[in-house]
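The block underneath contains the structure these notes are about, expressed in structure tokens.
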Amino acid sequence: MRATWAEVDLGRLRHNVRALRGCLASGAGLMAVVKADGYGHGALSAARAALEAGAAALGVALLEEGQALRRAGVTARILVMGWTPAARAADVVEADLDQAVFDTDDARAFAAAARVARRKVRLHAKVDTGMGRLGWSAREPASQAAAVDAVTNVARLDGVELAGIFTHFAGADEPILDGARRQLAAFRAVLQGLEAAGVQPGWRHCANTAAILRLPEAHFDLCRAGIGMYGYVPSLHVPDPGLAPVLSWYTRVAQVRELAPGDAVSYNGTYVAQSRERVATLPVGYADGFPRALTNRGQVLVGGHPAPLRGRVCMDQVIVSLQGEGVVRQGDPVVILGEQGGRAQWAADVADRVGTISYDILCGISPRVPRVYRGA
């Protein structure tokens, strides 16, 4: 196996799913979001572990992600939360996927494909209550009424089962929840309009990880767990119910060298040694998802000690300073994400250093980094 690899602890993933399910309001189920290859953890393995831990359904972003899970034998309900072009409607029906819709013409195309196949297609109507991304606009009373009319028309299409209605919070992880509560009120207004119209919308869902942990009144029938399932809360304002990071990332020392005063390191010589300094070259770089923004500011763990980066992150290699690690040799293990010698560094820690979020770090780990699964 390659000297740079990631380990995915499926026992921890199952623990996280159970912990999140324990936070749900009575009667609510949990959708395990496994888009983007399970946030870099491996969609199929993550999906299977989540379902074993009691997840009621799976969420993906793309038709192709849902098809891949079906080909692998996953039979659970799978919702494609992103846009699928109408030209691919027959593929959605063939794969027996739930599909998000926010356009009446698209809904008609899915209905037509279902009639050709002599089946029904399960559609989830998406309404935009404040995210400003996808969905029938539903921020104000006038647009809410229009959204109710649109969803009602979808529900009446021959070949369609209205299997759900949903929205997405823009800021349920923020210090103040006023915006999320406004979105929730708008969503409730749409639900009330559908009830008045005699429309049963199926699964009602809007809670992401942050709302699962902060807004129990938003749990409805189903909650969508993304980053929480992989062991992280979305921000410091979100309480942690005891989640455990699922993915650890390792490499090994390729070479140990000594710099003399004045020696420059890596491209463009952005680091110059001021005194004699031991450094190690590691076989990992930005092509593996190691952020180039960590140049001269990141660190890894070597022998349980922080080893700061020296010079630019290269495509395939980085260089770190060995400051208090004792004897370090070629082949010694190095922690990029994980625990070593009583110290830990996780995706949220790395994200803080470069001004991004844990999702970005995890999803950015390249497919050329082999995944090893524990606790299967």
DSSP bridge orientation in the stretch 241-315 - percent antiparallel, rounded to nearest 5
100
Can you give the Rg to Rh ratio for the stretch 298-376, taking only C-alpha atoms and Rh from Kirkwood?
0.96
From the square roots a ≥ b ≥ c of the eigenvalues of the alpha-carbon gyration tensor of the stretch 10-230, which class results: rounded (a/c under 1.5), prolate (a/b over b/c), or oblate?
oblate
Summed side-chain charge close to Thr84 - residues other than Thr84 whose Cβ falls under 15 Å, Lys, Arg +1, Asp, Glu -1:
-3
Give the peptides 330-337, 144-151 in descending order of average Cβ contacts within 10 Å, highest first.
144-151, 330-337
If neighbour count is taken as other Cβ atoms inside 10 Å, put Met1, Met131 in order from fewest to most.
Met1, Met131
For the chain, what is the calculated [θ] at 222 nm in deg cm²/dmol (nearest 500), taking -39500 (n - 2.57) for each run of four or more DSSP H residues and dividing by its residue count?
-8500 deg cm²/dmol
Is the stretch 247-345 rounded, prolate or oblate when judged by the Cα gyration tensor, a ≥ b ≥ c being the square roots of its eigenvalues, rounded requiring a/c under 1.5 and prolate requiring a/b larger than b/c?
oblate
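Of all DSSP beta bridges located in the chain, what percent are antiparallel, nearest 5?
So the antiparallel bridges in the chain amount to around 45 percent.
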Across bins of 20 angstrom width beginning at 0, how are the C-alpha pair distances of the chain distributed, in whole percent?
27, 48, 21, 4
Quick one: among Asn268, Asn16, Asn153, which has the greatest mean-square fluctuation in a GNM of the chain with alpha-carbon springs under 10 angstrom?
Asn268
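Every read-out reported here was derived from the displayed coordinates using simple, explicitly stated rules and does not represent laboratory data. It should be emphasised that the depicted structure is a prediction, and the values quoted were computed from it without experimental measurement. Cβ sites come from the backbone with ideal geometry, for glycine too, and all protein chains shown count toward neighbours.
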